[in-house]
Every structure is written in C-alpha cells, then in structure tokens.
1. Tell me whether segment 517-525 contains one or more residues that are in contact with a Gly (Cβ under 9 Å, 6 or more places away or on another chain), closer than 30 Å to residue 904 by Cβ, at pLDDT 90 or above and not assigned by TED's automatic domain parsing to the domain that holds residue 904.
2. Could you check segment 579-683 for helices (runs of 4 or more DSSP H) lying wholly inside it with 3 or more residues that are over 23 Å from the mean Cα position of the chain (by Cα) and outside the structural domain of residue 1105 (by TED's automatic domain parsing)?
3. Can you say whether residue 155 is assigned by TED's automatic domain parsing to the domain that holds residue 218, modelled with pLDDT under 90 and not hydroxyl-bearing (Ser, Thr, Tyr), as far as the supplied structure shows?
4. Check residue 76 against each of (1) buried (at least 21 other Cβ atoms within 10 Å of the Cβ); (2) small (Gly, Ala, Ser); (3) within 16 Å of residue 112 (Cβ to Cβ); (4) in contact with a Phe, Trp or Tyr (Cβ under 6 Å, 6 or more places away or on another chain) and name the one condition it does not meet.
5. Filter segment 342-384 for residues that are out of contact with any Cys (no Cβ under 8 Å at 6 or more places or on another chain), among the basic types (Lys, Arg) and crowded, with 19+ Cβ neighbours inside 10 Å and give the result.
6. Hey, any hits in segment 809-825 for a residue that's among the hydrophobic types (A, V, I, L, M, F, W, C), more than 19 Å from the chain's Cα centre (by Cα) and closer than 30 Å to residue 559 by Cβ?
7. Return yes when residue 1029 is surrounded by fewer than 16 Cβ atoms within 10 Å (Cβ to Cβ), in contact (Cβ under 8 Å) with a residue 60 or more places away in the chain and outside any strand (DSSP E or B) and no when it is not.
8. Between 1152, 1148, 1144, 1114, which is small (Gly, Ala, Ser), without any contact (Cβ under 8 Å) to a residue 24 or more places away in the chain and either in contact with a Ser or Thr (Cβ under 9 Å, 6 or more places away or on another chain) or part of a helix (DSSP H, G or I) (or both)?
Amino acid sequence: MSRDAASQRQVDAANPRASTWLSANAGSGKTRVLTDRVARLLLNGVEPQRILCLTYTKAAASEMQNRLFHRLGEWAMLGDGPLGEALLKLGIPAAEIGAERLRGARRLFARAIETPGGLKIQTIHSFCASLLRRFPLEAGVTPQFSEIDDRAAELLREEVIETLADDPRHVAAVDGVAALWTGDSLRDLVAQICQHRAAFADPLDRRAAFTLFGLPEAFTAADVLADVCLGNEGDLCRELIAALETGGATDLSAATKLRAARFDPMGLGTLAVLEGVFLTGAAAKEPFTAKIGSFPTKATRARVPRMAMVEDLMKRVEAARARRLALVAAERAAALHRFAAAFLPEYDRRKGERGWLDFDDLITRARALLTDRAAAQWVLFRLDGGIDHILVDEAQDTSPGQWAVIERLAEEFAAGEGARVETPRTLFVVGDKKQSIYSFQGADLAVFEAMRQEFGQRLARIEMPLVELTLAHSFRSSAAVLGVVDATFAADGGKGLGGDVRHIAFKNDMPGRVDLWPLVPKAGDPEEDVWYEPVDLVTDQHHEARLARMIAREIRRLIDAGTLIPEGNGRTHPMTEGDVLILVRRRNTLFREIIRACKQAGLAIAGADRLKLAAEMAIRDLTALLSFLVTPEDDLSLAAALRSPLFGWGEGDLYRLAEPRGGAFLWEALRRERERHGPTLAMLDDLRDQSDFLRPYELAERILTRHGGRGRLLARLGPEAEDGINAFLAQALAYEQAEVPSLQGFVGWLASGDVEVKRQVDAAGGRIRVMTVHGSKGLEAPVVIMPDTAKTRPQEREQIYLSNGTPLWRTAAAESPDLIASARGDLLARQEEERARLLYVAMTRAQSWLIVCGAGEPAKDLSSWHDRIAVGMARAAGASLGASLGASPGSSLGADHGRGLDEGLKLAPCPFPPGEGKRLSWGDWPADRPADRPGEGVAASAEPAPAALPGWTMQPAPPPREEPGPVSPSALGGAKALPGESGLDEAAAKLRGTRLHLLLEHLPHYPAAEWDRLSHDLLALDDNPPPAAERLALLAEARAVIGNPALGFLFAPETLAEVPVTAEIGGRRMLGTIDRLVITSDHVLAIDFKSNAVVPSSEAGVPEGILRQMGAYAAALRLIWPGRRVETAVLWTRTGVLMPLCPARVAAALAAAIPATREADPCPP
C-alpha cells in the first residue's frame, strides 16, 4: 500500500515489535500513533492487561481511551473489505490479513471491555495510586488512603506550623525562620519546602551550612566586624556627613544614608549601610568595589578632614562584604534546614493519621516500594507477569521521580528471563523537548535526555535496539504559521528547544496568515487621581484595556463580515466565536480585560479557565450574606448582601435605610422598616431561623434554591458564574467532611485561603476561549490570538534554590554570595529557555491564522515575544529585519537576513486596529467580503470617535421594573390596630410584641417556678434589654395566657410553635411564620398572638391587616393539607381571649391584597 511520508512515519513509529523513542513536533499526530500502537499490540494477541499506557493528564488518558474504543467498536461492525482496508492502513501487511485476523479484530472490542480492571490507560499518579492500593502492606499505607487536594494540604501545613510554634522542642526552629522571613506569611516558603522534600531528606546542620559557604561553624558577626572596626568609624562618618551636607544632590543623598548608621555598637546592618555608600553598585563595570578617588565629589573631598582614613575604611568595608554575605546566607540556610527537619516529619505524620497522600507522596511511595529490598522483588514478580509493554506519553514533562518508577518497571525488560525474544517486551516513549513547559511540576529535560541514553544502552545489550524516530509533519498548522515558527527559533532563537526546529506542513494547500500588530503604547499616569476610585482600578485608557477592546471589536467585525476560515482541501467555513483561542502568559489584568471586552461586545465567551473563588462576585455575595448570618451586627456584610443580586437593592435604597439610622446597626434599622421591606426581611428571617440548625451546605443550597439565589446571580453575572457557585457548594461539602460543621467555622474556613477552581474550557461549545499557554497544551484553534507579547519582567517566585542538589534559601540579588548567585543564574537561564518553549507552544496552537499583538513597552534588546516573532517573520520571508520592525534606514537593524525560508511566504504591510503592522501569508486566502479586505473596514475595530448621544440618553430613566419577591403575610397592607389606639409608637409596640412572642414560645416548655429566671435570661439577649418593671409586666401577661386552662390545648407538647410556612399563593410565593399550629387528623388550626392595647369585642372589629395575614396562612395551609379543615384564630394576649375567624372573611381580606386568590373557595368541605 502506497502511503505519504507523514503516514509512513506514523506507521513506523507504531510498530509493536520495536522499542521506540519518538520525538513528535506539535500537531504531528502523536495521540494517533499511541492509539495505533495499542491497537496493533492487541491485534498481535497481546492481552489488554499486559499493556500499560501512562499519560500526563486525565484528559489525555480519557481522549486516548475514547479514540481506541471508538476504533475497536468500528472494527466490530465492519465487513471484510472495509476492515481489511483499515488494517492495511494501520500498517498490517496484506499477506497477514486473512479471515482469522479479521475475526480477531472484530473481537477486540469485547476483549478490551471484558478485561478485568480494563485497559490500563492512566496518568502516572493514577498508576502509582493503584499500585499502592494493591500492595498497601508492603508500601506502609492504609488501603483506604485518599488523595489530598491543594486546599486541604495548605490548611494542614498551617496546622503543623502552629503546632511546632507551641512545641518547646521546635519553637526555636520556627522562630529562626520567622525572624528571617519578610513575606506576609510562611505559606509560600513552606509549600516550596514540601515541593523540594526529597532534597531535604538529609538536612544540613549548622556546621555543614557554614562549611558550604566557606565559614567555620563558630563564625559570627563579630568576626566580620573585627576587620572593619578600628574604633574611630563613628567619628570619621560624622566628619564625612558634615562635609557631605555642604555638597550637591549626590553628596546630600549619601549623607542621608550615613545618618542611619549606628556605631555604638556597630552591627551588620551598619556595615550594609556603609557598603551602600562606599561601594559601587551592582550595575557598575566593577561592581561592589570601593569608590576610591570618586567619592565624595571633588569639591567635597577637600572639606573632609581625614579623607585618607575614610578611604581606608572603604577598603575594609569592601573586603568584609563577601564574609558578611556568606554569614547571612549560611545563617539563613541553617535556619531553613532546621525548620524543614522539624516540619516535614510532622507533616508526614499528620497526613498518615488522616490517611492522606498528596501527589508527590504517590510517586515517592511507589518509588520506594519498587526499590525496597524486602518487598521490591515480590512486587515486581506480581507485576512482571502483568506488564509486557509500557507506553509513555508527554515524556518531556515527566519528573525525575516519575522516571524512577518507569525505569524500575522496565528494568526486567532487558534483564534475566524478562528479556524474552519469542514474545518481545517493548518500551514506547513519545515526547518533544520543545514543549517541556512544566518545570514547576518537576519536569527536567536533562533527566529526559539521560533516560533516553539509559534505555538505549540497556536495550542495546540484549540486541533489541531502541529505535529513535521523529515526526516532523504537522497535520494542524498551515505553512505560514510553521514558516514563522521555524524562523523564529532558528539559530540562537532556538536555545532551550533541543536543536534545530523544522516542521513540514501536511496541509500544504491550506492558506495561512500571521499578523503582527504594532504594540499599543503604554498609557501614562492619569493627570489627576480620583479619590473615590480604587487604587488598582484599570481605567478605560489603560493600554491593556485599550488593546482588549481592539481585540474584541476586531473579532466582532470579522464574524459580522462573514470572514471565511480555510480548513484545507479547499474547504472553508464562516468564522465563529468557537474558532478563536486567545492565549496569555498569566491571568493578569490583560486576561481579565479581554474577557470583559468580549462580553461587552456581545461575543460568546467561555470565561476564565481558572477561577479564584474569593474573587468571584457570586461567591463574594454569598459570603457576605453568610457573614451577616454569623454576625448580624456586621453592617458591611449586610449592606453588600442587600446590594447583591440576591436582594437586588439599589444604592438609593441602601442610603435611605442607612443614613437616618443614627447609631443603630443596619439590621435594627431594617427590622424597623418591616412594612417597606417585607420580602427582604422574610428571606433574612427565614435564613436566620435556620442558620443554627442547618449545615453550611444546606444553608447555601437554601439561599440558592428555595430563595431563588442561583437564578438571580446567573441573571446578573452570566452563565459563567455557575462554575463558581458549584465550586462554592463543593467547598461547603469538603469543609463538612474535614471539620465539625458550623456556619461560623465555614465562613472562617473560606477566609483562610484562596481556593482556585479549574474550569474545563477545552471544548467551549462555540465560544471564545481565553486561557494561559500552559492550559492550552494539546489544544488547537483555527484563529489564535497572542496579546501578551510585549516586554515583561519575569517574576522570581522561588524562595529555595538548589545548588548541586542542596536547598539554599534565596537572598536578594545584590546580597547574594557566589554560591547563591550561581544557583540563581542557573535557574534564571533555565527559566529563560522554558519561556522560549512556552512561546513555541503558543504559536503552534494555530491552524491557519496567528494574530500577534501586545500592549506596553518594547524590549530594547529584542527579547520580547513580539520582537522575536517580528524577527522570525522577516527571516521567513527574506525581508529586512529593520523594515519589519520599523527601524530607521541607518539603523543597525537594517541588515538583510537573506532569502526567505520559503518563496511562497509573502510579507507585506497591513493596517490593523492599533496602526500599520505586518502580515505574512501563504497561499490564496478565501475571498472575503468587501468589509474584510486589507485596508478596508479596519476603522470599525479601532478606537471609535465619540458620537453625539441620542436624545433619550439625556432624559431620566424610567423606574426599573421590579420582579415581585416573596410576600410576607404581615406585609399585605391594611391596619393592624383599632382606631383610637394610643400609647406606644409603632416601633415600640412591635418590640413589645416581639418580646412577648419570645416568652410565649419558650416558657411553656419549663416549670412555672423557673419562668421568672427564664424571662430574665431570654430578654437579656436583646441588644437593649427592657427595664425590670417592663419585664415583669410582660411576664405577667404571658403567665396569664399560658396559665389559662381554657387555652391549655394551645401549649400542649404536640402543638408546634413558630412554624415557618411557605406556599405559592395567587402566583406569588408567601413566606411567613405561624405563632402556634394545632394539627389533628382532620383539622388544622393556626393561631397568631396579638398584643394590641385595644382588643375588639367581636370578630367584626378585627383590623383588616390581621385578617389578610390570617387569610394568607389559611391559603397556605390548605395547599399543604388539602384534605383537612383549616381554621384560623387570634389570641389577644391583653385579655387572654381566643377569637376564631370566619374562613370567608379572611379569604375575602386576602383577595383584596392578592386578587388572584379571589376565585378560591374559602370554605372547602
């Protein structure tokens, strides 16, 4: 069968009888090769359980398994002819495709499905977890261990630190680190100690730490100062300060620094001050050398009485600098190792108590199990009969610990009886040095290369050589994209990528584009700060906000214009939001502004790929409400909750409530406005009533479901808020599993750390995807936009450096001895190489169109991504580099770089939203509509000129239409008191009634002899307890009611008190609380306590508002108990009279408030 070169190379790589080390370019089809190889192994009769395929991510494992089962399922249904063609295409020789082979191929699907445990296609962590669960006794773990998540690990680390700080044996270790730590908390440092736990296996003691820096163990600050201090330094510096104060700005600055020096006694801090004045800086030609002859200025030197002695002091300070730096670094290293030696064992012990293992534990425990002399042979014997073929995906991102596990598993392949010839055992490794971007997870290219050589040598000894192949063809990207990629990383640009970068476009007929927009210049500082705006506010004129708007408008224009996107083989499709992938380096301001701009442009966007839970508006709203429920006096939390979509208050509503309240709490002011804010109070009362009884998850679910919070949040914040809400609920469940659940504990637990939630936006369903380059690994898109290409300042997050495998604590760059400076330099060099690989990954996500843009300052040394791609475009098309970057004719950038890498690539100027840029193209792009021709229509996406506002914008907006919220039965209007009733004002009357209700609710459950004490205790809970006389009057009134024999049935144990009730009445949700509920098999009686001063003599005198309230209760109870007779009554506490109410009267009163209830039969049989 004739195959093209790309397909033949894939067939060769999938050969199941050869061990292969495969280097696969981006888009070269490595997942297909893996799938093909497993399929061919199965076709050759290998049992499914003897194949182990290790992937880097769960998503990759799932994708490979889905592809394999889809193929095997297709084979099961194909006829002889099509199935034979499929096997031939897979690489099976035609002579081997007979009837028996076809029958075997059809049975593979069933064999794979029925295999005990299934096909082993899993991540290395999943494999190690299954290994530990299979051999828990040998591994020393509990069989029921669970894998700890990042949040639980962080909380556990903080718990361990607190324990050590309280332990007399370890308090010195904690104090030693705390004294040297300058960050907000030890959280970051401790996390990095755990990350480098293997390097701390043999911690340094003080002697070893000092020896490492060339110092004796007993060396102290006094030893450093001994060679500097002769006794006259203070006098010399005071004379020098007096002379400097007569000099210019430079001398005055030096005088200011010297005044901070203290010489009685002199310490290392003073020595550092002297270094800053007397020695040259880090950027000098000869850094940190004495300024002999150049300090102070010539005019000032003449006024220094003992200048020679000052210069001698300068020399002594220079000589002492190296020892001072070494001493500080040695003390830091000793403190770090002392703390790690105390922390790591305790951390491991506590994880063991809880049955927890983290991801690193899975690897280290599995590695220890496979190398343990007592157990390794037994474990390998049990596994040896089970694994004949190992396949490793994304090998360039495999950490040294993971390689150790793989190496041990494959060790028998080339040793002893394991090296079988009749049934060869194979190793297949696929990776790409150019895509190694996960060093922060332990990936090490040096180990990757060492393992290639190690496996090659082992297999060569048994005459089964390791075949090394390369997949150079890209099935993904167009020639334009690949040409720029190759040119960008040609020569010195490919440092860190493992050699020459060369791609071959498989779809050589697919047109392509690479657009380079000019940088959006950095915005200057605003002329005037607005005092009420946040200090970190990103204004509309910020350069990154402007770029984000340009990108969103350009996407909007291209979609509206029906721009055609080529797919290869002459096929095209109109551009949609799902064609666009936007890649940034970090989730920074630009990341957030792009998402915001796309939403404002009406584009369908998938939102952020990762969410910080505490930063999500929906979560902040929910947390504010829960914080109020914990502490009702928390005015800020209540105000935030009221302004949220959960309640929908406006700024004016909140101001009208808060401004006149005086010194009262906001909650007190709200309760006084019950008539006005009935629905809000109904919801808050319900949540407060339940907050002491419901678990945090149940309470959150009540807010979101029963009170419609989820719908309101999604309506305001958009569908992307759904992920944050679900993650919030998941955190509530996680908290309840880890802690004794309480609302206060949950609120504190949320505040103790920032939870990050990963969202799956791999297949965004026709929406724009915005993510980091790291998150895009394995993805592709027809149009890729790279907006984060301007000059950046790399952030140095590492607190711990490794010097020949020994952990050292970072010091400031200018304060680093040679050992730490060398370790830092090595690390920065590796990071720079990884940034180049990150650029490669970003560029190779594009299929046909790559758009490069940026905002900010250009890099002076052409080191920014924007500059590197500009150089690559010029080199690819053979254009002048200076012309590509817009250099002046006489610039050194004008040197020609020779002919282009491909004559078909064309570089031309092109107008873009920020201005004129460059477009490199290949082939004939599909004919666009007129609005999309280069040079036309671009203004539509540039910053539009201000237009005159239409007239309606100058008119007051109509009042917003408010959706009806839950209705409270006590807020249906109507009078609640009889005419002529006087005495207490409304607020005082309500307060008296509330206190009386409290007594009537609780006193019946206790003996009468305890009522006096209980009434005192209950009413003392009030923010403003009543005077003794008023309390006694309330107690007397309650005692008269409860002690009335005629009313005894109301307070029987089987009756219910303060019963929350909710129902749909007349199309509106009612939410209220019934004071007393008496339920029998055929009868329901609802009683409401009223403490009115004037009591009606008959039912005819009951105020309208009370009738409406009781009508709402009756309507709700009839819905709850449709087969029972429902009645209502009022208990007048002043007289102790129980007054039944006519069902017809209360139903008519309710209908006056809610007309939709009018048709209901008020008196059902």
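1. No, that holds for no residue.
2. Where helices (runs of 4 or more DSSP H) fall fully within segment 579-683 and carry at least 3 residues being over 23 Å from the mean Cα position of the chain (by Cα) and outside the structural domain of residue 1105 (by TED's automatic domain parsing), they are 617-630, 635-643, 651-658, 666-672.
3. Yes; evaluated as a whole, the condition is true for this residue.
4. Checking residue 76 against (1) buried (at least 21 other Cβ atoms within 10 Å of the Cβ); (2) small (Gly, Ala, Ser); (3) within 16 Å of residue 112 (Cβ to Cβ); (4) in contact with a Phe, Trp or Tyr (Cβ under 6 Å, 6 or more places away or on another chain), the one that fails is (1).
5. Passing the criteria: 351, 367.
6. Checked segment 809-825: no residue is among the hydrophobic types (A, V, I, L, M, F, W, C), more than 19 Å from the chain's Cα centre (by Cα) and closer than 30 Å to residue 559 by Cβ.
7. When the stated conditions are applied, residue 1029 does not pass them.
8. 1144
The values are calculated or read from the model by the stated rules, or taken from the named source; none is laboratory data. Everything quoted here is computed from the prediction, not taken from an experiment. Using ideal geometry, Cβ is built from the backbone for each residue, glycine included, and neighbour counts are taken over all protein chains shown.
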